[in-house]
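**Student:** Dropping the structure in here first, questions after.
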Ligand SMILES: NC(=O)c1ccc[n+]([C@@H]2O[C@H](COP(=O)([O-])OP(=O)(O)OC[C@H]3O[C@@H](n4cnc5c(N)ncnc54)[C@H](O)[C@@H]3O)[C@@H](O)[C@H]2O)c1
């Protein structure tokens, strides 16, 4: 236990199950004293979240589909009522239609492209716009991205393009919110087995290659991500904003 996030109200979005990156971050934030507020998508995720958080004591959870403005408004109104102030947001949400992660990129449908951008990118704007109103003591917003934003991973397709837009959005939002002492950063995570990752073609090959080639000769863990997220959410990173932090065992710097 530490106190890097003591008395900080932190909203965690994107816990599907115990393998979710958001869950790894939630556990690490809790260990540093954070008050956690969760969102879930649908009844199945609600049940899974309730089981996971059973032993965490006093945590709140609210439904939120980020493609729905009314649900976002209701979520932030509820947070305002219950907590008044928000200090951190973890945005660990992405979605693309499965056919768009299996077929070739040029065959992405107009609707598939729109949905991927709406849920995986626009949602960060939609959340940041509402969160800033409650971040009256400054704050930290983090999102999750992948190296497919800057290099081609065949099959990652529209999600790579969405992650490029997400990283650019991080810089624009960080510039606009900086004057309020709200910092906005992305963690570029190495591959890690989650439900979302299962939808990516050749994902197990990516895991094997990273294990073989990365500087640390291993894949990353939820604990690796939790630690870096605590750094970005806490005052330890008080001078850091608009950045993409690679947490990938050094793989992104490998030439061959
Ligand atoms: N797993 C990896 O290898 C990896 C690597 C780099 C980045 N990421 C990113 O990490 C983030 C978290 O993904 P994960 O791998 O933990 O997978 P996950 O499947 O456990 O979590 C994804 C979450 O997004 C949520 N979501 C999807 N559509 C939503 C909507 N309309 N409204 C609200 N929530 C919605 C899901 O309900 C789920 O909770 C994503 O942005 C993903 O792209 C994952």
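The values are calculated or read from the model by the stated rules, or taken from the named source; none is laboratory data. Please read all numbers here as calculations on a predicted model, not as lab measurements. We place every Cβ from the backbone using ideal geometry, glycine too, and count neighbours over all the protein chains shown.
**Student:** Taking only pairs six or more apart or across chains, which ones have beta-carbon atoms under 7 Å, a first residue in the range 1-27 that is more than 16 Å from residue 52 (Cα to Cα), and a second residue that is within 8 Å of the ligand (Cβ to nearest atom) and assigned to a helix (DSSP H, G or I)?
**Tutor:** Qualifying pairs under 7 Å: none.
**Student:** Yes or no: the range 31-38 includes at least one residue that is within 13 Å of the ligand (Cβ to nearest atom), modelled with pLDDT of 95 or more, assigned to a loop (DSSP other than H, G, I, E, B) and surrounded by 13 or more Cβ atoms within 10 Å (Cβ to Cβ).
**Tutor:** There is no residue in the range 31-38 that is within 13 Å of the ligand (Cβ to nearest atom), modelled with pLDDT of 95 or more, assigned to a loop (DSSP other than H, G, I, E, B) and surrounded by 13 or more Cβ atoms within 10 Å (Cβ to Cβ).
**Student:** Which residues, taken from the range 94-108, are out of contact with any helix residue (DSSP H, G or I) (no Cβ under 6 Å at 6 or more places or on another chain) and either closer than 29 Å to residue 181 by Cβ or at pLDDT 95 or above (or both)?
**Tutor:** 106, 107
**Student:** Has the range 182-205 got any residue that is surrounded by 22 or more Cβ atoms within 10 Å (Cβ to Cβ), under 18 Å from residue 241 (Cα atoms), more than 13 Å from the ligand (Cβ to nearest atom) and over 15 Å from the mean Cα position of the chain (by Cα)?
**Tutor:** Within the range 182-205, one or more residues are surrounded by 22 or more Cβ atoms within 10 Å (Cβ to Cβ), under 18 Å from residue 241 (Cα atoms), more than 13 Å from the ligand (Cβ to nearest atom) and over 15 Å from the mean Cα position of the chain (by Cα).
**Student:** Take the residues in the range 1-27 that are crowded, with 24+ Cβ neighbours inside 10 Å and more than 14 Å from the ligand (Cβ to nearest atom), then tell me which one is nearest to the chain's Cα centre (by Cα).
**Tutor:** Here the answer is 10.
**Student:** When both residues are 6+ apart or on different chains and their Cβ atoms are under 8 Å apart, which pairs have a first residue that lies in the range 196-212 and is at negative phi and touching a residue at least 60 places away in the same chain (Cβ under 8 Å), and a second that is surrounded by fewer than 16 Cβ atoms within 10 Å (Cβ to Cβ) and part of a loop (DSSP other than H, G, I, E, B)?
**Tutor:** 201/102; 201/154
**Student:** If we keep just the residues of the range 89-104 that are more than 12 Å from the chain's Cα centre (by Cα), buried (at least 17 other Cβ atoms within 10 Å of the Cβ) and not in a loop (DSSP other than H, G, I, E, B), which is farthest from the ligand (Cβ to nearest atom)?
**Tutor:** 100
**Student:** Consider residue 200 carefully, then state whether it is modelled with pLDDT under 95 and farther than 27 Å from residue 139 by Cβ.
**Tutor:** Criteria met by residue 200.
**Student:** (1) in contact (Cβ under 8 Å) with a residue 24 or more places away in the chain; (2) more than 25 Å from residue 138 (Cβ to Cβ); (3) away from the ligand (no atom under 11 Å from the Cβ): which one isn't true of residue 152, the others all being true?
**Tutor:** Here residue 152 clears every test but (1).
**Student:** Quick check on my filter: what residues within the range 54-85 are modelled with pLDDT under 95 and either closer than 23 Å to residue 122 by Cα or assigned to a helix (DSSP H, G or I) (or both)?
**Tutor:** Scanning the range 54-85 gives 54, 55, 56.
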